[in-house]
Number of protein chains: 2
Amino acid sequence: MKLKKEIIKIAKDAKAASGTLELLKTEVKNSILKAMAAAIVKSKVRILKANEKDLRRAKKKKLSPPMIDRLKLTEKRVNAMADSLKAVAKLDDPIGTLEKLVKRPNGLLIGKKRVPIGVIAVIYESRPNVTADCVALCFKSGNSLILRGGSEAINSNIAIFEVLSKVALKRGLPRGAINLIRTTDRKAVDILLRAEAIIDVIIPRGGESLIKEVARKSRIPVIKHYKGVCHVYVDEYAELNMAESISYNAKVQRPGVCNAMETLLVHKDVAARFLPGIADKLIGAGVEIRGCALTRRILKKRNIVAAKEADWNTEYLDLTLSVKVVDSIIEAIRHINKYGTSHSDAIVTENYKHAMEFLDRVDSGAVYVNASTRFTDGYEFGKGAEIGISTDKIHARGPVGLEELTTYKYVIFGNGQIRE
Amino acid sequence: MKLKKEIIKIAKDAKAASGTLELLKTEVKNSILKAMAAAIVKSKVRILKANEKDLRRAKKKKLSPPMIDRLKLTEKRVNAMADSLKAVAKLDDPIGTLEKLVKRPNGLLIGKKRVPIGVIAVIYESRPNVTADCVALCFKSGNSLILRGGSEAINSNIAIFEVLSKVALKRGLPRGAINLIRTTDRKAVDILLRAEAIIDVIIPRGGESLIKEVARKSRIPVIKHYKGVCHVYVDEYAELNMAESISYNAKVQRPGVCNAMETLLVHKDVAARFLPGIADKLIGAGVEIRGCALTRRILKKRNIVAAKEADWNTEYLDLTLSVKVVDSIIEAIRHINKYGTSHSDAIVTENYKHAMEFLDRVDSGAVYVNASTRFTDGYEFGKGAEIGISTDKIHARGPVGLEELTTYKYVIFGNGQIRE
């Protein structure tokens, strides 16, 4: 009961603050973001000390090395946080523009005004830099923010939050503008997810199980960032050098991220020519290949493991790749729409019709012709920064940047119109 | 178990059909819509007969006269259904356009392609014409549709659906394109609401309790159409003739709809001059006024009932109006944001600053200066038709027309780009 009161109070404060945030001038927001960046750099020692506490506990709890790496802050990583605050200060402010203004026959002037969503709650795991990233993006887009980080990073999160919050208060922002849930009691999340009258949208950032749980329990709209099972399809009309360079890049350049390729699909007519070369390059880079029967036959000297059904929808996030030979572009598209996760998928082809067909029929947030899936991110798409990659279908798909953290309202300018 | 299998089969058929619908040419869609309109007119007798059955049962069950009126079809109402199918055929097709195409420094051409959402389920009550309206809008926007109407209108809905579905099949659409759940078992709705892997969005149309239940149970995003507690605020700088005409129109022209005014707010400096005149006009039209203390004092000869706290968030949908005198525009805005339902709210003023402040600060789907709230609908906004008025904050606010039944995907045209 006490917990519920406390959480609802935070949510209500956030709601109360959101009206003020919406109306802040862009130059005021930018100057606060720059002051926040400076404060982060100045508080480096304090933040790293807090992070040390989290790391000690993590080691005691024997968290896995990748988990500990995600948790760990270094001087460089703290500087990167400050840089990203400054980068967001430089982005265009989406708030307040009027779009699609039309004059109706009765003289009414009707347009869509871009406005903040209102109150955004972000529920996240491990990486403490998410704290600063979310503050930057939500504040610049005029939204109040409620942060709920993972218990493993609680000291780092509190330290970062306090630095940013102090700047915000000093610059006159209402207390509810930026909030951090300090308790690590998991019930706090359940309370947030049921505050549908106060919170406007929930953004979970973390592993699949976190997102699934949030989506299942939430009464508030959730912008979901599920896993990325991304494909590259090498068409029979592909330029094979380009196909090799794109496939290699999509798999190897950074295998641990959601826009890396997990499955390579190859048209049967080019499989025998294409597969041995790319397989040797990938194996040379340490990639384990799991292939369909035909792939294994073509690569038989290389002792390829057989892909199981489960491989086709597995996000390895690692130097592992499933490979399938397909009969046609249609089979490739069907495979992607069946096993993919609506994230990022690419075709390599010189055939115009196939390129357009792939763009038309693949139901993913980002569909590529002749480029690596690795480009799906806010910066590469020209958004400057992102809060994640949506695999949802409504409101926002693909990289969620400042614009996607807004909504609109209709504004209508009349001069006495009444309805007949 | 059998029911679940049956419903999931329908949903999967809908999903399978959605790829085909997305790629239909606009002219093909329009010609099918016109054929549907003709079939409705031709099947008038059959539809009216089925409606007779529903009406007989409704009378036996002693449904209220307004409920029976909503259920009742007449020759004129059947013709109106056909007209609305033809009207949707005339609207611009939003699908397939490329928006915001940008060329990135590395040569990638990135744009947003407008695409259907996928599978839409509409859960609705009583009015059988909703069946035809939803088919028209969802089909034109390239979405598969699953209809689940109220049990009281089941025979009418089946008749209308069969007429439309027969045209669709004859013209070669896949069976899953348009679907009607024929069972009146309420468990069918629960099964739909949990099919989050298949259905992309749920649109409930009906009373508040239906929408609340759907929102609470659904694991699928819901576009909600809650009640409309709409306000007109008469500012101290209002032109009082205009204020009178707008207030009268917003209340009286059609009181039973969601965009009608439920609360009139009047600035204290003009209350004594404005209220007696408008009150007499409203009372003359049969309106019952419930006023705050000051309103009652000003209108003391007219025996005004005292407004209770509950009046401020009641959607009367009737010739009833709550009236409050406020100290300032700020109090008016606070009242609207506290008691309103983010639907439609208007200010009447000749003061530029107040007009802009109202547009900025009122957090509603449609915010008006000097016009009646009654204009919030798809036709008046130039959308041609609508499936409802969203009171949600993300994806769609205000009238939900063809454009709001779409989403986008990023399409990226490359020529071999890889990420460094």
Q. Which of the listed residues, B:SER84, B:ASN106, B:SER156, is farthest toward the dipole's positive end in chain B, when Lys, Arg count +1 and Asp, Glu count -1 at the beta-carbon?
A. B:SER156
Q) Which one of A:GLY19, B:ILE146, A:ILE333 has its Cα pushed farthest toward the positive end of the charge dipole of the protein assembly as shown, where Lys and Arg give +1 and Asp and Glu give -1 at the Cβ? A) B:ILE146
Q: Starting from the Cα of A:SER328, move 7 Å in the Cα-to-Cβ direction to define the label point; list residues of the range A:224-257 whose amide nitrogen is under 19 Å from there.
A: A:233-238
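Rule-of-thumb check for the range A:70-203: C-alpha Rg over 2.2 N^0.38 Å?
Numbers: Rg = 17.7 Å, N = 134, 2.2 N^0.38 = 14.1 Å.
That works out to 1.25 for the range A:70-203.
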Q: Starting at the first residue of the range A:297-313, write each ³J(HN,Hα) from the Karplus equation 6.51 cos²θ - 1.76 cosθ + 1.60 with θ = phi - 60°, in whole Hz, x for Gly and Pro.
A: 5, 5, 9, 4, 5, 9, 6, 7, 5, 6, 6, 8, 3, 5, 4, 5, 10
Q: In whole Å, largest first, what are the principal axis extents of the Cα atoms in the range A:219-295?
A: 52, 26, 25
Q | Inter-copy separations for A:PRO65, label at 7 Å along Cα-Cβ, nm, ascending | A | 8.1
Q. Other chains' Cβ within 10 Å of B:366-379 residues: what's the mean?
A. 5
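Could you calculate the FRET efficiency of A:ALA272 with B:ARG56 from 1/(1 + (r/R0)^6), where r is the beta carbon distance between them and R0 is 60 Å, rounded to 0.05?
Details: r = 71 Å, r/R0 = 1.19.
Efficiency for this residue pair is about 0.25.
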Q. Tell me, what is a quarter of the convex hull surface for the C-alpha atoms of chain A, in nm² with one decimal?
A. 24.9 nm²
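Just to be sure I understand: of the beta bridges DSSP finds with both ends in the protein assembly as shown, what percent are antiparallel, rounded to 5? All intermediate terms of the calculation are to be shown ahead of the outcome.
Working: 28 of 114 bridges.
Counting DSSP beta bridges with both partners in the protein assembly as shown, the antiparallel share is about 25 percent.
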Q | Across the identical copies, how the B:LYS187 labels are spaced - nm, sorted shortest first, 7 Å along Cα→Cβ | A | 3.4
Q. Which whole number gives the average, over all residues in A:107-120, of C-beta atoms from other chains lying within 10 Å of the residue C-beta?
A. 3
Q) How large is log10 I(q)/I(0) at q = 0.15, 0.19 Å⁻¹ when the Debye formula is applied to the Cα atoms of the range B:1-122, each weighted equally and without solvent? A) -1.00, -1.14
Q | Folded to 0 to 90 degrees: helix A:154-170 orientation relative to chain A principal axis, Cα | A | 50 degrees
Q: Might you report the magnitude of the Cβ-based charge dipole of the protein assembly as shown about its Cα centre, with Lys and Arg at +1 and Asp and Glu at -1, to the nearest 20 debye?
A: 2380 debye
Q: On a 0 to 90° scale, report how tilted helix B:129-140 is relative to the longest principal axis of chain B, with both axes built from alpha carbons and the result rounded to the nearest 10.
A: 60 degrees
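Could you work out, residue by residue across A:380-386, how many beta carbons of other chains sit within 10 Å of that residue's beta carbon, and then give the average as an integer?
Numbers: counts 8, 6, 7, 0, 0, 0, 0.
Partner-chain Cβ atoms within 10 Å, mean over residues of A:380-386: 3.
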Q: Return the lysines within reach of A:LYS301: Cα separation strictly under 28 angstrom, same-chain partners fewer than 8 residues apart disregarded; answer none if there are no such residues.
A: A:LYS251, A:LYS268, A:LYS281, A:LYS324
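Hey, what's the per residue convex hull volume over the C-alpha atoms of the protein assembly as shown, in cubic angstrom?
Values: hull volume 147.5 nm³, N = 840.
It comes to 176 Å³ per residue, whole-number rounded.
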(Q) How far, in nm to one decimal, is A:LYS268 from itself in the other copies if the label point is set 7 angstrom along Cα toward Cβ? Shortest first, please. (A) 8.4
Q: Please get the size of the charge dipole for chain B, origin at its Cα centre, with Cβ charges of +1 on Lys and Arg and -1 on Asp and Glu, quoted in debye to the nearest 20.
A: 2140 debye
Q.
Please find, among residues of chain A, the one with the beta carbon closest to the rotation axis relating it to chain B, distance in whole Å.
A. A:HIS395, 2
Q. Nearest 0.05, what FRET efficiency do A:SER31 and B:ALA310 give at R0 = 41 Å with Cβ-Cβ as r?
A. 0.35
**Q.** Rotationally averaged projected area of the range B:230-375 (alpha carbon convex hull; nm²)
**A.** 7.1 nm²
Q.
Quick check: the angle from helix A:329-339's long axis to the longest principal axis of chain A, C-alpha only, nearest 10 degrees?
A. 50 degrees
Q | Geometric extent, Cα atoms of the range B:216-255 - Rg, Dmax (angstrom) | A | 16.8, 49
Q | Sum of -39500 (n - 2.57) over DSSP H runs of 4+, divided by residues of chain A (222 nm, nearest 500) | A | -13500 deg cm²/dmol
Q. Given 5 Å bins starting at zero, what is the percent of C-alpha pairs of the range A:340-418 in each, up to the one with the largest pair distance?
A. 3, 14, 19, 18, 14, 10, 7, 5, 5, 3, 2, 1
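Values quoted throughout were computed directly from the atomic coordinates according to the rules given, and no laboratory measurement underlies them. Keep in mind that what you see is a predicted model, and the values were worked out from it rather than measured. Neighbour counts are summed over all protein chains in view; Cβ atoms, including those assigned to glycine, are modelled from backbone coordinates with ideal geometry.
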